[in-house]
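What follows is a short report on a single structure.
The values are calculated or read from the model by the stated rules, or taken from the named source; none is laboratory data. All figures in this text were calculated on a predicted structure; none of them were measured in a lab. Note that we place each Cβ from the backbone using ideal geometry, even for glycine, and neighbour counts take in every protein chain shown.
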Amino acid sequence: MSGAGFSGHDTGSSAPQMPPLVRPTHQTPRPGPTLRDEHNVTQPIPFERPLETRTTTTLEATPAEAETPLGPTGRPMPVFPEPTPLVEHGGARVISMCNQKGGVGKTTTTINLGASLAELGRRVLLVDFDPQGSLSVGLGLNPHEMDLTIYNLLMDRETTLDEVVVPSGIEGMDLLPSNIDLSAAEVQLVHEVAREQTLQRVLAPALEHYDIILIDCQPSLGLLTVNALTASDGVIVPLECEYFALRGVALLKTTIDKVRERLNPKLEIDGVLGTMFDGRTLHSREVMERLVSAWGDTVFHTVIRRTVKFSDATVAGEPITSYASSSTGADAYRQLAKEVLTRWPAEWACRPRTACSGRPPTPHPRRRCRSSASAASGPWPTTPSPPDRASPVAGCDTTRR
Ligand code: ADP
Ligand code: MG
């Protein structure tokens, strides 16, 4: 995090420092791939500095567009509507946070998008599917104090969901934690029948109790990630606004296509999310421009700017929406939550809700993973445990289907 451009001050989702981008009247043909060509998306995205003239061409926009300010992606920034409150819960949409590159914001996005969706009244289950356990640590759990993790659910059919789910400390959001044990699953699953569908089987009982399940993938395209993609309806690809980040996207797209063809035909890319964007640097803006050229409207309008508040929130073991609720970083994830809900296909946005049925999973008290006494000896500074709360599905009508 060195460099004069990053002095750690808080910047947010909107683009106050962005120089206004202009749209050219005539599209000058660019060398390299053309816009939104399927072939090009699977090729490494070429990267060239834009010609000076490109930034000085004149605007020709419709009156409505002319009034809409351009967002950090260079497109007119829509206003995302407030989502309708839900009266019933269930029928979860499962989304994998996936990118084989590490340090691009997968875990940060899982925590903060989850917390923002919970603020909007959605019931959220976060799945830590990375043996590094960063999601669990980022929510204040001690990896050495976990009795049961997602590993037990994957490998032992006797273990039930409600034995492993823990409250996250955020109202409406629960967690399936993980630690280094999960790395053994990748080896052990190789010998299983239908090894790619193991996570799907494990998550099946949770679908009727939550509205959204977010899976934080490990930084690889191995069997665990294939399991996550097989269990998912959608993928969000967080992508650091930095040149090297562009290079792995082609391989990720190929993997997603293969999973869709062979294992999970319903899998969709819900969006590509630019993270750690710094609108003051030409580099960030160029990367964003290349991203939009290659992926078009798949790129979220919302962009997460670089701010040290995210690292601070991780150390505090809570989402930025509660650690620094009024920060621009928190606002960015709240906006992303609305954009994500707006993008979902109509059957998800307006689908008839099936009320919870059967025995809901009851998250174990947080002390199961972290007693306040033992947590103090852990490697991370800890925040006080939140009071135990009732099952997130306690209010569900168990008499209806
Ligand atoms: P991944 O899960 O892809 O490996 P993380 O979410 O763990 O990535 O993020 C890697 C590091 O970058 C963490 O220390 C996190 O706090 C930090 N980080 C994430 N998003 C941002 C951001 N927008 N600005 C600054 N730092 C960030
Ligand atoms: Mg991570």
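When the stretch 270-284 is filtered for residues that are closer than 18 Å to residue 104 by Cβ and among the charged types (D, E, K, R), the ones remaining, listed by number, are 270, 278. Pairs meeting the criteria (first residue in the stretch 101-118 and over 16 Å from residue 239 (Cβ atoms), second residue assigned to a helix (DSSP H, G or I) and basic (Lys, Arg), beta carbons under 7 Å, at least 6 apart or on different chains) are 116/334. Within the stretch 150-180, the set of residues being under 23 Å from the mean Cα position of the chain (by Cα) and not aliphatic (A, V, I, L, M) comprises 151, 167, 168, 169, 171, 172, 174, 177, 178, 179.
Residues that are within 20 Å of residue 210 (Cβ to Cβ), more than 12 Å from ligand 2 (Cβ to nearest atom) and buried (at least 22 other Cβ atoms within 10 Å of the Cβ) within the stretch 128-152 comprise 139, 141, 149, 150, listed in sequence order. Applying the condition of being touching a helix residue (DSSP H, G or I) at 6+ places or on another chain (Cβ under 6 Å) and of a type in the set (D, E, K, R) to the stretch 166-192 and asking which residue is modelled with the lowest pLDDT yields 186. The set of residues in the stretch 302-323 that are within 20 Å of residue 279 (Cβ to Cβ) and surrounded by fewer than 23 Cβ atoms within 10 Å (Cβ to Cβ) comprises 308, 309, 311. Scanning the stretch 212-228 for residues that are more than 16 Å from ligand 1 (Cβ to nearest atom) and not β-branched (Val, Ile, Thr) yields a total of 2.
Okay, residues lined up against (1) under 16 Å from residue 100 (Cβ atoms); (2) in contact with a His (Cβ under 6 Å, 6 or more places away or on another chain); (3) hydroxyl-bearing (Ser, Thr, Tyr):
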{"residue": "227", "(1), (2), (3)": "yes, no, no"}
{"residue": "235", "(1), (2), (3)": "yes, no, no"}
{"residue": "250", "(1), (2), (3)": "yes, no, no"}
{"residue": "253", "(1), (2), (3)": "yes, no, no"}
{"residue": "257", "(1), (2), (3)": "yes, no, no"}
{"residue": "270", "(1), (2), (3)": "no, no, no"}
{"residue": "275", "(1), (2), (3)": "yes, no, yes"}
{"residue": "302", "(1), (2), (3)": "no, no, yes"}
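Being within 16 Å of ligand 2 (Cβ to nearest atom) and over 26 Å from residue 266 (Cβ atoms), is that true of even one residue in the stretch 85-100? There is no residue in the stretch 85-100 that is within 16 Å of ligand 2 (Cβ to nearest atom) and over 26 Å from residue 266 (Cβ atoms).
Could you list, ordered by first residue, the pairs with Cβ atoms under 8 Å in which the first is in the stretch 209-229 and within 11 Å of residue 199 (Cα to Cα) and the second is away from ligand 2 (no atom under 16 Å from the Cβ) and in a strand (DSSP E or B), at least 6 apart or interchain? Correct list of pairs: 215/94.
All of (1) in contact with a Lys or Arg (Cβ under 7 Å, 6 or more places away or on another chain); (2) within 16 Å of ligand 1 (Cβ to nearest atom) hold for residue 274 with one exception: (1).
In the stretch 296-318, the residue that is farthest from ligand 1 (Cβ to nearest atom) out of those that are of a type in the set (A, V, I, L, M, F, W, C) and more than 21 Å from residue 214 (Cβ to Cβ) is 315. The helices (runs of 4 or more DSSP H) falling completely within the stretch 193-269 that include 3 or more residues that are at pLDDT 95 or above and within 19 Å of residue 107 (Cβ to Cβ) map to 223-230.
When the stretch 204-230 is examined, which residues are found to be of a type in the set (A, V, I, L, M, F, W, C) and either touching a strand residue (DSSP E or B) at 6+ places or on another chain (Cβ under 6 Å) or within 18 Å of residue 255 (Cβ to Cβ) (or both)? Passing the criteria: 206, 212, 213, 214, 215, 217, 221, 223, 224, 226, 228, 229. Among the candidates 293, 284, the residue that is within 14 Å of ligand 1 (Cβ to nearest atom), in a helix (DSSP H, G or I) and not hydrophobic (A, V, I, L, M, F, W, C) is uniquely 284.
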